[in-house]
Amino acid sequence: MKLTLAWLLTLVLVSGARADLPSVPDTALQACLDELAATHEWRTPDAVTDIECHNRGIRSIAGLEQFPQLQRLSLHRNDIASWPGPTLPRLQHLNLARNRLTLLSLDSLPALEELYAFRNPMDRLTLGELPQLRLLNANACRLTQLTYASLPALERMYIFNNQLEHIDIHQLPALQYMDARQNPMSDELYDDMDAMPGTTILHDGNEDDW
């Protein structure tokens, strides 16, 4: 009887906590949001600032644009295969590591400071104008192309263990550290890396050795 009452109480809390919250199509993501709503007593979309749903079998993030105050989104180790490009004006932290992304294109995230996309089977990463991005981790993907429009605040970049032959290192004015090891880059690019003042860049030297 006690278990039944506890179960009913949980249902009431979940239902009451998210009474005014919008729904999302993905059932696994919805279940996680329901649990978070009960824990944090969310009542309105503006109350949702931090979503952490790890290893839940989530396939789609459609609907998250309904939470305009979202600052932190962590979806590590799920089954997400695409990023639909939702407008999240306050998002500062985004973790999409260990999903099923085959490509990733990010823009319209003016507050984004940290991006974790490592261990996705993607060959392309395209970053638009991300004025606040300070940290990028795209280690151990399958990247053959990494392009960006404007990353004026980027300080740390991790692109270890990819298939990149080239990356533009000359339009990153705030860069302090880059790990570019285990990429088939040219010796000319390595020379350019070594010549950058005030920046530490790890690389493999001669391309035949990597």
What single numbered condition from (1) part of a loop (DSSP other than H, G, I, E, B); (2) closer than 30 Å to residue 24 by Cβ; (3) without any contact (Cβ under 8 Å) to a residue 24 or more places away in the chain; (4) among the polar types (S, T, N, Q) fails to hold for residue 126? (1)
Just one listed residue, out of 140, 97, is assigned to a loop (DSSP other than H, G, I, E, B), free of Cβ contacts under 8 Å to residues at least 24 places away in the same chain and in contact with a Phe, Trp or Tyr (Cβ under 7 Å, 6 or more places away or on another chain), and it is 140
Considering only residues that are aliphatic (A, V, I, L, M) and in a loop (DSSP other than H, G, I, E, B), look in region 161-186 and name the one that is farthest from residue 106 (Cα to Cα). 185
Tell me yes or no: at least one residue of region 34-50 is touching a strand residue (DSSP E or B) at 6+ places or on another chain (Cβ under 9 Å) and within 26 Å of residue 134 (Cα to Cα). yes
Report every pair of residues separated by at least 6 positions or lying on different chains whose Cβ atoms are under 8 Å apart, first residue within region 158-185 and closer than 15 Å to residue 137 by Cα and of a type in the set (Lys, Arg), second part of a loop (DSSP other than H, G, I, E, B) and at pLDDT 95 or above. 181/160; 181/161; 181/203
When you scan region 59-73, do you find a residue that is surrounded by fewer than 16 Cβ atoms within 10 Å (Cβ to Cβ), more than 24 Å from residue 44 (Cα to Cα) and either among the small types (Gly, Ala, Ser) or modelled with pLDDT of 95 or more (or both), even just one? no
In region 74-92, which residues are crowded, with 17+ Cβ neighbours inside 10 Å, more than 10 Å from residue 61 (Cα to Cα) and in contact with a strand residue (DSSP E or B) (Cβ under 9 Å, 6 or more places away or on another chain)? 76, 88, 91, 92
Screening 194, 168 for residues that are exposed (fewer than 14 other Cβ atoms within 10 Å of the Cβ), at pLDDT 95 or above and either of a type in the set (Phe, Trp, Tyr) or under 22 Å from the mean Cα position of the chain (by Cα) (or both) leaves only 168
Any chance you could count how many residues in region 94-112 are of a type outside the set (A, V, I, L, M) and crowded, with 18+ Cβ neighbours inside 10 Å? 3
Condition met for residue 46 (part of a helix (DSSP H, G or I) and not polar (S, T, N, Q)): yes
Restricting to region 144-160, give me the number of residues that are surrounded by fewer than 20 Cβ atoms within 10 Å (Cβ to Cβ) and part of a loop (DSSP other than H, G, I, E, B). 5
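The values are calculated or read from the model by the stated rules, or taken from the named source; none is laboratory data. Quick caveat: nothing in here was measured; it's all calculated off a predicted structure. Note that each Cβ is placed from the backbone with ideal geometry, even for glycine, and that neighbours are counted across all protein chains shown.
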